[in-house]
Amino acid sequence: MQEPYKIEHRLAAIRPVGLRDLLAAAWAIFIKDLRSELRTRYALNALVLFAASAAVAVSLGVGFIGLRRSEEYLLIQSALLWIALLFAALNGLSRGFVYEEETRTMAALRLAAPPIAVYLGKLLFNLALLVLLGTVTSLLFIVLVRIEVGSPLAFTLVLSAGGFCLATATTILAAIIARASFKSALFAVLAFPLLVPPLIVAIQATALTLDTAGMALALPAIRTLMAYAVAMFVASLMLFRFVWEA
Amino acid sequence: MDIRLIAHDLAASYGARTVFSGVSLEISQGEVLVVSGANGSGKSTFLRLLAGLQQATAGSVVYHYADRDWLPRDACPLIGWVAPDLALYRELTARENLRFFAEVRRLHLHDADIDDLLEQLGLGGRGDDRLSAYSSGMAQRLRYAYALIHRPPVLLLDEPTVTLDVRGAEVVDQVIARQRRDGIVVVATNDPRELRYADLLLELGR
């Protein structure tokens, strides 16, 4: 048998992992997940169908309350939007890790990729899914539930910050539950204390952005959401290796 | 750079059941260890401990390579692992799989490198097929490509010829012969024909 590969490959594999290596590996994992997702529609269909079903159900069920705008009405619309986003996210975002476990590819990935790169790659993929989910759900709510956005920029920022919170929390939770027997139940139980606080802030901030008051009123909430997301991100980076290698 | 594997008083349990205990051994560059034993004797578990995919109940495993000691959990760059429960991405092609694993291992491979590796393992011309279209024997050959792509000094082979045809088994012979020159090999098997690879023999479950 001839030499099918070069000795430099062995040396490259054992050199210390730098930041650039980590980011390159994370990007490779993101691209791999994206390619797999586009071929299998494993999470995409679940997310979009759930968001569409929620928007249609809300529009048929309570769409008529749009006749009279009030503070409570804006809060209800905002809460409905975030409930749709939350459940779609819970339904779809855990699948990055769960899919690896179900298809038994986890071991291959564990042996090849640095743990932090795996976390960053999966987080990036979940963020991409959430951008899509947030866009689809918002458009559906604007069209079907007739929500009127008073400050589009503030609305987008609140959705982005809230989505970042959802993505950071669900990514680490998905890694924790991937090898558990009762994944869905465990995911819901663990998600409750982590997601309720940012969700309350996001609902109230989104309601503010539906009114014309806009950015000035929503800015403290956006800062709070970003602080939460960054704290969750840093904690996840520190914890992930223990979860991944458990 | 030579490699040495040292296991000391190694034990593995599942709940209250001890699979094996008190396993101590040392494998040096150029040696092949064959681990044999009946089903359930812990052969695959032993390999998973060496690969860092599972934690030992007691004892330790250390690789000595490049003037430092590596614990299994940090030794991923040193290890190539082939096992029946190793799955690659079925929705990707063989080439996409290998390119992905090369990228996360920080290797810069050209298409020609991947083609060469596939050709050596008898998968020439099938690199652009998705794994979902692969037979079990082809999937086993691709596991070898996954394990060898970074040219690891340690090759862990669990049931190395399972699902392979005669030609595939010959490829495994060649892989083991070359790895014997470049590093160490641990083979877990209950096929008596594969005992011929052994420089060292560990029989579990006795």
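The values are calculated or read from the model by the stated rules, or taken from the named source; none is laboratory data. This structure is a prediction, so every number in the text was calculated from the model and none was measured. Note: ideal-geometry Cβ built from the backbone for every residue, glycine included; neighbour counts use all protein chains shown.
Rundown of residues vs (1) β-branched (V, I, T); (2) over 16 Å from the mean Cα position of the chain (by Cα); (3) surrounded by 13 or more Cβ atoms within 10 Å (Cβ to Cβ), yes/no style:
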| site | (1), (2), (3) |
| --- | --- |
| A:T168 | yes, no, yes |
| A:A174 | no, no, yes |
| A:I177 | yes, no, yes |
| A:L186 | no, yes, yes |
| A:L195 | no, no, yes |
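In segment A:14-24, which residue that is crowded, with 16+ Cβ neighbours inside 10 Å and touching a residue at least 12 places away in the same chain (Cβ under 8 Å) is farthest from the other protein chains (Cβ to nearest Cβ)?
A:L22
Check A:G150 against each of (1) free of Cβ contacts under 8 Å to residues at least 24 places away in the same chain; (2) not in a helix (DSSP H, G or I) and name the one condition it does not meet.
If we test A:G150 against (1) free of Cβ contacts under 8 Å to residues at least 24 places away in the same chain; (2) not in a helix (DSSP H, G or I), just (1) comes out false.
Taking the condition among the aliphatic types (A, V, I, L, M) and surrounded by 20 or more Cβ atoms within 10 Å (Cβ to Cβ), does B:L71 pass?
The answer is no for B:L71.
Would you list the strands (runs of 3 or more DSSP E) that sit entirely within segment B:138-206 and hold 1 or more residues that are more than 18 Å from B:R126 (Cβ to Cβ) and within 13 Å of another protein chain (Cβ to nearest Cβ)?
So the answer is B:154-158.
Taking into account only those residues within segment A:25-59 that are of a type in the set (G, A, S) and away from chain B (no Cβ under 14 Å), which is nearest to A:N91 (Cα to Cα)?
By that ranking, first place goes to A:A46.
Going by the structure shown, is A:A117 more than 22 Å from the chain's Cα centre (by Cα), at pLDDT 90 or above and part of a helix (DSSP H, G or I)?
No; evaluated as a whole, the condition is false for this residue.
What's the number of the only condition in (1) in a loop (DSSP other than H, G, I, E, B); (2) more than 10 Å from chain A (Cβ to nearest Cβ); (3) under 20 Å from B:Q179 (Cα atoms) that B:N39 fails to meet?
(3)
Quick grid of which residues meet (1) in a strand (DSSP E or B); (2) touching a residue at least 60 places away in the same chain (Cβ under 8 Å):
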position: B:D9; (1), (2): yes, no
position: B:F20; (1), (2): yes, yes
position: B:L25; (1), (2): yes, yes
position: B:S44; (1), (2): no, yes
position: B:Q55; (1), (2): no, no
position: B:Y89; (1), (2): no, no
position: B:L98; (1), (2): no, no
position: B:A102; (1), (2): no, no
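Going by the structure shown, is A:T171 of a type in the set (V, I, T), touching a Leu at 6+ places or on another chain (Cβ under 7 Å) and closer than 30 Å to B:A75 by Cα?
Yes, satisfied.
Filter segment B:79-113 for residues that are within 7 Å of another protein chain (Cβ to nearest Cβ) and aliphatic (A, V, I, L, M) and give the result.
B:I79, B:L86, B:A87, B:L88, B:L92, B:V104, B:L107, listed by residue number.
Yes or no: segment A:212-229 includes at least one residue that is in a helix (DSSP H, G or I) and closer than 23 Å to A:D33 by Cβ.
Yes: one or more hits.
Scan segment B:175-192 and report the pairs whose first residue is closer than 11 Å to B:V32 by Cβ and whose second residue is outside any strand (DSSP E or B) and hydroxyl-bearing (S, T, Y), with Cβ atoms within less than 7 Å and a gap of 6+ or a chain change.
Pairs found: B:I176/B:Y197; B:V187/B:Y197.
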